[in-house]
Amino acid sequence: MRISRLYINQSLTAESEIVLAKDAAHYLANVLRLRIGAELVLFNGQAGEYTARIIVADKKSVKLELLQYHDIERESSLELTLVQAISRPEHMNYTIQKAVELGVTRIVPLISKRSPPIDKNKIHKRELQWQKIIISACEQCGRNRLPILEEVQTLTTYLADKQQLEHCIVLAPEANHNVSKLEIDKKITVLIGAEGGLTNEEIQQAMQAGYLDVGLGSRILRTETAAITMLALCQGFWGDL
């Protein structure tokens, strides 16, 4: 039987006891339905993980005994950043989930010309949802470090502030470069458009900021497919796949 993994945003120390916060306690007791004596794995995003055992589980609280620390590192040797133009909610959520599973270290959500309309008053709510997806994906795939989620910004602002001359690529339908021909060390940034892709103007803007235009063959891929494909290729060529 697979042992459940749970992210805890608090200090953890082996051979100690902790009382879970209300949301985490509810998840263990009512969603996972774990009871006294059940073992699980905890991590707090600071590397490594802890085996733990439930010693108290009632309607008011859940207390755990931390048994042992395990210095386990499951991060890729490739420092991989996904700069993703915001797409429709279901597509963006899926992209973020799979990006975490594929080992990205940083996710930058951007507003591009083809991003769907976004209520500025709801951006923070979307960011909180994406952070929950990141945590859930780390719990599922075994990562002990949370990828960094940057704040939503426009493509123009990002390119102006984050200009890089090496190892940055932008997906383009009529590209001059093939991903298999690139020579990458251990750091790469991938820029991907929303539904419909980036406009020609945006692609040119990225190239002027030092990005190489790269294609993924003759077929048109959906935004979430393009992201997964490119991230998997990056890990396959230069990472840990």
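Every residue, every condition in (1) assigned to a loop (DSSP other than H, G, I, E, B); (2) touching a strand residue (DSSP E or B) at 6+ places or on another chain (Cβ under 7 Å); (3) at negative phi, yes or no:
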{"site": "ILE169", "(1), (2), (3)": "no, yes, yes"}
{"site": "ALA175", "(1), (2), (3)": "yes, yes, yes"}
{"site": "ASP185", "(1), (2), (3)": "yes, no, yes"}
{"site": "ALA194", "(1), (2), (3)": "yes, yes, yes"}
{"site": "GLN205", "(1), (2), (3)": "no, no, yes"}
{"site": "GLY210", "(1), (2), (3)": "yes, yes, no"}
{"site": "ASP213", "(1), (2), (3)": "no, yes, yes"}
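Scanning segment 142-149 turns up at least one residue that is surrounded by fewer than 16 Cβ atoms within 10 Å (Cβ to Cβ), touching a strand residue (DSSP E or B) at 6+ places or on another chain (Cβ under 6 Å) and in a strand (DSSP E or B). Within segment 49-80, being closer than 23 Å to GLY142 by Cβ and touching a Leu at 6+ places or on another chain (Cβ under 9 Å) holds for GLU49, TYR50, THR51, ALA52, ARG53, ILE54, VAL62, LEU64, LEU66, TYR69, SER76, LEU80. Look through segment 4-56, keep the residues that are surrounded by fewer than 12 Cβ atoms within 10 Å (Cβ to Cβ) and among the small types (Gly, Ala, Ser), and return whichever of them is nearest to LEU67 (Cα to Cα). Among them, the one singled out is GLY37.
Do the conditions hold for ALA85, that is, is it assigned by TED's automatic domain parsing to the domain that holds GLY193, more than 24 Å from ILE18 (Cα to Cα) and either more than 17 Å from the chain's Cα centre (by Cα) or in contact (Cβ under 8 Å) with a residue 24 or more places away in the chain (or both)? Spelling it out, ALA85 is indeed assigned by TED's automatic domain parsing to the domain that holds GLY193, more than 24 Å from ILE18 (Cα to Cα) and either more than 17 Å from the chain's Cα centre (by Cα) or in contact (Cβ under 8 Å) with a residue 24 or more places away in the chain (or both).
Any chance segment 64-77 includes a residue that's touching a residue at least 12 places away in the same chain (Cβ under 8 Å), more than 29 Å from GLU39 (Cβ to Cβ) and acidic (Asp, Glu)? Walk me through how you get there before you give the answer.
Step one: of segment 64-77, the residues touching a residue at least 12 places away in the same chain (Cβ under 8 Å) are 64-77.
If we keep only those that are more than 29 Å from GLU39 (Cβ to Cβ) as well, we get 77.
Now narrow it down to the ones that are acidic (Asp, Glu): none.
No: zero hits.
This table checks each residue for (1) in contact (Cβ under 8 Å) with a residue 60 or more places away in the chain; (2) out of contact with any His (no Cβ under 8 Å at 6 or more places or on another chain); (3) not charged (D, E, K, R).
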position	(1), (2), (3)
GLY142	yes, yes, yes
LEU155	yes, yes, yes
LEU171	no, yes, yes
ASP185	no, no, no
ILE188	yes, no, yes
ILE192	yes, yes, yes
GLY197	yes, yes, yes
MET207	no, yes, yes
ARG222	yes, no, no
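Looking at (1) part of a helix (DSSP H, G or I); (2) within 23 Å of GLU79 (Cβ to Cβ); (3) of a type outside the set (A, V, I, L, M); (4) in contact (Cβ under 8 Å) with a residue 12 or more places away in the chain, which one does GLY236 not meet, given that it meets all the others? Among (1) part of a helix (DSSP H, G or I); (2) within 23 Å of GLU79 (Cβ to Cβ); (3) of a type outside the set (A, V, I, L, M); (4) in contact (Cβ under 8 Å) with a residue 12 or more places away in the chain, the lone unmet condition for GLY236 is (4).
Could you say whether any residue in segment 115-130 is in contact with a Lys or Arg (Cβ under 6 Å, 6 or more places away or on another chain) and assigned by TED's automatic domain parsing to the domain that holds CYS234? Yes: one or more hits.
Of the numbered criteria (1) in contact with a strand residue (DSSP E or B) (Cβ under 7 Å, 6 or more places away or on another chain); (2) loosely packed, with under 13 Cβ neighbours inside 10 Å; (3) not small (Gly, Ala, Ser), the one TRP130 fails is (2).
Do we find a residue being surrounded by 13 or more Cβ atoms within 10 Å (Cβ to Cβ), modelled with pLDDT of 95 or more, in contact with a helix residue (DSSP H, G or I) (Cβ under 7 Å, 6 or more places away or on another chain) and small (Gly, Ala, Ser) anywhere in segment 160-172? Checked against the condition, which is being surrounded by 13 or more Cβ atoms within 10 Å (Cβ to Cβ), modelled with pLDDT of 95 or more, in contact with a helix residue (DSSP H, G or I) (Cβ under 7 Å, 6 or more places away or on another chain) and small (Gly, Ala, Ser), segment 160-172 yields no hits at all.
A quick yes/no check of all residues on (1) among the β-branched types (Val, Ile, Thr); (2) free of Cβ contacts under 8 Å to residues at least 40 places away in the same chain:
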| position | (1), (2) |
| --- | --- |
| GLU15 | no, no |
| LEU32 | no, yes |
| ILE36 | yes, yes |
| LEU42 | no, yes |
| ILE54 | yes, yes |
| LYS59 | no, yes |
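The values are calculated or read from the model by the stated rules, or taken from the named source; none is laboratory data. Everything numeric here is computed off the predicted structure, so don't read it as measured data. Note that we place each Cβ from the backbone using ideal geometry, even for glycine, and neighbour counts take in every protein chain shown.
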